[in-house]
Amino acid sequence: MLLGVGSRDSGTAAVHFALREASVRNATLRAVSAWRHPGPRLGKHQSLSGGAREPAEQAATSLLARALEEQTPLFPDVSVERVTAEGPAAKPLISLSFEADLPILGARRQGTLVGLELGTTAHRALHHSACPVVVVPHAVHTARATG
């Protein structure tokens, strides 16, 4: 099982779905968060292999921890492997899809309840994964008309 954890929203619905599926299938869940190495800032001489890497990588590690902390105790039988990878988020998801049986991603619902907002990561994963991909919608938040 493979779970993509994005930077905007931890996607509790996708996390819950992934943990439940891993429990039912008696599988290990590999939760992945990607991070980007910040380039050198103008006016500062910052080595590309220097200290700026650590905060970005640590942010991805913290994101995984926050996304999993509430849901993991509900599924004590599931072994979770946390992976952080440098680069575009779709790259490790597509690469790891060759070892996984089911990649799981979250997606935002549009305000109209019609369709999902697929970001570039989900779009690329759907088109390039080596196996079927599950897209789990985040909670629906809609404005109600009054009248």
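The values are calculated or read from the model by the stated rules, or taken from the named source; none is laboratory data. This one's a predicted model, so the numbers in the text were calculated from it and none came from an experiment. For neighbour counting, all protein chains shown are included, and Cβ atoms are generated from backbone atoms with ideal geometry for every residue, glycine included.
Numbers at a glance
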read-out: Filter result for Val78 (more than 12 Å from the chain's Cα centre (by Cα) and either part of a strand (DSSP E or B) or buried (at least 19 other Cβ atoms within 10 Å of the Cβ) (or both)); value: yes
read-out: Looking only at segment 106-115, and only at residues there that are in contact with a His (Cβ under 9 Å, 6 or more places away or on another chain) and at pLDDT below 65, the one that is surrounded by the most Cβ atoms within 10 Å (Cβ to Cβ); value: Arg109
read-out: Failed condition for Ser10, given (1) part of a loop (DSSP other than H, G, I, E, B); (2) at pLDDT 90 or above; (3) crowded, with 19+ Cβ neighbours inside 10 Å; value: (2)
read-out: Residue in segment 68-75 that is modelled with pLDDT of 90 or more and under 13 Å from the mean Cα position of the chain (by Cα) present; value: yes
read-out: Every residue from segment 122-136 that is surrounded by 16 or more Cβ atoms within 10 Å (Cβ to Cβ) and modelled with pLDDT under 85; value: Ala122
read-out: Residue within segment 19-28 that is at pLDDT below 90 and either in a helix (DSSP H, G or I) or polar (S, T, N, Q) (or both) present; value: no
